[in-house]
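What follows is a single structure, written as C-alpha cells, with notes after it.
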Amino acid sequence: MSHPLFDISGRTALVTGSSRGIGFALARGLLEAGCTVVLNGRDAGQLEKAARELGGAVRTAAFDVTDGPAVAAGIADVEERVGPLDILVNNAGMQLRAPLLEFADADWHRILDTNLTSAFLVAREAARGMVARGHGKIVNICSLQSEVVRPGIAPYAATKGALKMLTKGMCADWGPSGVQVNGLGPGYIETELTAPLVADEEFSAWVRRRTPAGRWGRTEDLVGGVLFLASPAADFVSGQILYVDGGMTSVL
C-alpha cells in the first residue's frame, strides 16, 4: 500500500502539449495515479487520438497556449466542463537549433512564446482559481538547459533558464495562497523529437559518457518526479527545480 502523502487520486490535472512525447507520458502517469486528466494541444484530432489511447478519465482541451485570450477561454472552459484544476503541468515546448549568428528574429520570438510565454499565460489563468481556493500544484517542465548549454541551442537555453526563474517568481507570488510551484528538469530523454539525436551514434555515445547513469532517459523516468511534486508530500517544497538527468548536471 502506498503512503497517503503521495495520494493524488480524485484530483484534476491539466497537462499542456500532451498529445505525444513527455507530456503524454506525464498525463499517463497522472491518470494511473487516479487523476482526471485534461490533455491540451492545438490539434483537436491528435488530442482525441491520444485520449483514446490512454482511456479512462481523460478529457481534451484544444487551445493555443501562446495566445492569451485563447488560454483564458480555454482554462475557463476546462474548469466549467471538468472541474476546478488542482494540478497544472506546463509542458508545451519546442526546440530550434541554429548557430546564434544565424538565428532568425522570427524563430527567436517563436521559441520564446512557446517555451516561456505560454507557461506564464497558462499558469496565470490556472492560478486565479487555485489562489482563490487556497491550494494548487504547478509543475513547469524546465530542462537540463535551465543550467547548462551546448553550442547551437542558446535561445532554447535562454527560455528554459528564464522558466526556472519564472518558477521561483510564481512561488514567491502564489506561495502565501497555498499554491506550490516547482520545476522538473529533464536531461536527455528519448522521444519522437530527439529521435535524430538518439540515432546519431557520435552524439548518443557522448550522452552516455557524460551521464553518470550511462544511458539516455526515458519518458517514464520523469513520471515519479511529477507525481511527487503534485502530491501532498511536496506541500512544503516550492520554487525548486528537480533535475531528472541521470546525474548529468552534477559532473564535469
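The values are calculated or read from the model by the stated rules, or taken from the named source; none is laboratory data. If you're wondering where the values come from, they're calculated on a predicted model, not measured in any experiment. With ideal geometry, Cβ positions are generated from the backbone for all residues, glycine too; neighbour counts draw on all protein chains shown. These accessible areas exclude ligands, DNA and RNA; they are computed on the full protein's heavy atoms, side chains included. Shrake-Rupley method; radii C 1.70, N 1.55, O 1.52, S 1.80 Å.
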#### Entry: Every residue from segment 62-82 that is crowded, with 20+ Cβ neighbours inside 10 Å and out of contact with any Ser or Thr (no Cβ under 6 Å at 6 or more places or on another chain)
Phe63, Val71, Gly74, Ile75, Val78
### Query
Does any residue of segment 48-70 turn out to be over 19 Å from the mean Cα position of the chain (by Cα), under 18 Å from Ser118 (Cβ atoms) and acidic (Asp, Glu)?
no
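Mind listing whichever residues of segment 16-32 are β-branched (Val, Ile, Thr) and under 20 Å from Gly187 (Cβ atoms)?
So in segment 16-32, the residues β-branched (Val, Ile, Thr) come out as 16, 22.
The one that is β-branched (Val, Ile, Thr) and under 20 Å from Gly187 (Cβ atoms): Ile22.
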### Residue among Gly17, Gly56, Gly10 that alone is touching a residue at least 24 places away in the same chain (Cβ under 8 Å), part of a loop (DSSP other than H, G, I, E, B) and in contact with a Leu (Cβ under 6 Å, 6 or more places away or on another chain)
Gly56
### Query
What are the residues in segment 205-229 that are touching a helix residue (DSSP H, G or I) at 6+ places or on another chain (Cβ under 7 Å) and either under 27 Å from Gly169 (Cα atoms) or assigned to a helix (DSSP H, G or I) (or both), if any?
Arg210, Thr219, Glu220, Leu222, Val223, Val226, Leu227, Phe228
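Just give me the residues in segment 34-61 being within 24 Å of Ser231 (Cα to Cα) and open to solvent by 10 Å² or more (accessible area, probe 1.4 Å), in sequence order. Step through it out loud before you land on a result.
Residues of segment 34-61 within 24 Å of Ser231 (Cα to Cα): 34-40, 51, 54-61.
Hits for segment 34-61 are Gly34, Thr36, Ala51, Leu54, Gly55, Gly56, Ala57, Val58, Arg59, Thr60.
Restricting segment 230-252 to residues that are assigned to a helix (DSSP H, G or I) and hydroxyl-bearing (Ser, Thr, Tyr), which is farthest from Ile189 (Cα to Cα)?
Step one: of segment 230-252, the residues assigned to a helix (DSSP H, G or I) are 232-234, 248-250.
Checking which are hydroxyl-bearing (Ser, Thr, Tyr) leaves us with 249-250.
Details: Thr249: 14, Ser250: 17 Å.
For segment 230-252, the residue satisfying everything is Ser250.
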### Query
Restricting the search to segment 180-196, which residues are surrounded by 23 or more Cβ atoms within 10 Å (Cβ to Cβ) and either free of Cβ contacts under 8 Å to residues at least 24 places away in the same chain or among the hydrophobic types (A, V, I, L, M, F, W, C) (or both)?
Val181, Leu184, Ile189
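Per-residue answers, yes or no, for (1) surrounded by fewer than 20 Cβ atoms within 10 Å (Cβ to Cβ); (2) under 30 Å from Pro232 (Cβ atoms); (3) touching a strand residue (DSSP E or B) at 6+ places or on another chain (Cβ under 6 Å):
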{"site": "Thr16", "(1), (2), (3)": "no, yes, yes"}
{"site": "Ala25", "(1), (2), (3)": "no, yes, no"}
{"site": "Glu32", "(1), (2), (3)": "yes, yes, no"}
{"site": "Pro84", "(1), (2), (3)": "yes, yes, no"}
### Message
Checking the structure you have, find out if any residue of segment 108-122 is in contact with a Lys or Arg (Cβ under 9 Å, 6 or more places away or on another chain) and surrounded by fewer than 23 Cβ atoms within 10 Å (Cβ to Cβ).
### Response
yes
